[in-house]
Amino acid sequence: MGKPAKKRKHSVNEDVSPKRICSSTCIVHSSNLLNYGKFVSLDACRGEQSEKLSYLHRIRDMRLKEPSSSPYRMTGICDQIPSTLDGLDLATTGYHQNCYTCFTGKLSRLQVSKAEPSLSVRDSLSNLKSLPSQFGARCSFLFPNECIFCEKTETKYKGKFQELTKFQSWKHKEPAWKVVEPRAQELKKDALYRKVQGKDLFAMEAKYHQSCRNLFNTVWRNHLRGKQRAEKAADNIDSLEAQKMAAHNKSYGVVKDYILTNVIRGKEVVQLRYLCKMYIETLESEGFPNPKYRSEKLAKRLKKDKDISRDLTFSKVPQHGCIEITLIYSSSITVDEAVVCAYKLGKK
Ligand SMILES: [Zn+2]
Ligand SMILES: [Zn+2]
């Protein structure tokens, strides 16, 4: 009985000699691949074979929705997937790593995914999210053998071939792959976001080219910089508005002090125009010149000010010609007295 046990132990096989291929059945075999990769038997999947099969069924159903002319349809491979595992020898039934990644990869290129990106692929594969925890890393649904950023296996950067690299995981350290999902989302890289959403990129062996990852990080840094610049500009506008408001409040305060001291207590009669000039001068000295500030605006604010409005009277007095002036004086003096005062003021 020692022999079968030994066979099981070696079901994940490095050796892809034709003999091995003959003795084992790859259920997603793609004969036009140059290198099929390791053979993984379903037996090695620790009792999760049926989930694995239904995952392949979901992808098969999506692919078969492609038009018959589409290279992504992969009818030949779809037809190899058994409808059930009943009666199959799970020790010799399985898949080649590269056949598997070829079949399960690039789903974002399917029509069904393009037509309803928010629904089809994500819904069809939604069970995937919970899988990394159920499966050991070796047997979880691995990412295809391609760069998650450029979706290619091989790429050149500055004349050099870039090798595919897996994400690392370190103890007691937040893994670097975790930032890919939120960044892809914020950068609106939807295909990438859908691909990595909710997945453990380390356990599922997501791969990347260093140059593609660097590029992604550069795009992210530029995005951050742009965002910070925009925020700073918005802050500047806010603080400028606040300073301007403070200048207006200060100008109003100067006018109000004058009224309290000289008009209400000192019984002085003053022209609105004069107060407005005082206001405009203060504005200017505060660094926010506005020579066109209208006296009506100042009058409106004074009339609304509960501290002083009850003690003040506003009177419009016609002057020579059709000019009209507004006099402001304490409510404790009469209109006639005020006009006399104003007359004297005018003479001065
Ligand atoms: Zn194969
Ligand atoms: Zn790449």
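The values are calculated or read from the model by the stated rules, or taken from the named source; none is laboratory data. On a predicted model such as this, the values are computed, not experimentally measured, just so you know. No Cβ is skipped: glycine too gets one built from the backbone with ideal geometry, and neighbour counts run over all protein chains shown.
Structure data summary
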item	result
Selection from region 85-105 of residues that are closer than 22 Å to LYS207 by Cα and more than 16 Å from ligand 2 (Cβ to nearest atom)	TYR95, HIS96, GLN97, ASN98, CYS99, TYR100, CYS102, PHE103, THR104
Number of positions in region 192-221 that are surrounded by fewer than 11 Cβ atoms within 10 Å (Cβ to Cβ) and away from ligand 2 (no atom under 16 Å from the Cβ)	1
Verdict on TYR157 being without any contact (Cβ under 8 Å) to a residue 60 or more places away in the chain, within 13 Å of ligand 2 (Cβ to nearest atom), surrounded by 13 or more Cβ atoms within 10 Å (Cβ to Cβ) and not polar (S, T, N, Q)	yes
Tally of residues being in a loop (DSSP other than H, G, I, E, B) and closer than 12 Å to VAL269 by Cα across region 289-348	4
Exclusive hit being touching a helix residue (DSSP H, G or I) at 6+ places or on another chain (Cβ under 7 Å), modelled with pLDDT of 85 or more, more than 13 Å from ligand 1 (Cβ to nearest atom) and in the same structural domain as ARG109 (by TED's automatic domain parsing), set ARG58, ARG46	ARG58
Pairs with Cβ under 6 Å, 6+ apart, first in region 143-154 and touching a residue at least 24 places away in the same chain (Cβ under 8 Å), second polar (S, T, N, Q) and part of a loop (DSSP other than H, G, I, E, B)	GLU146/THR153
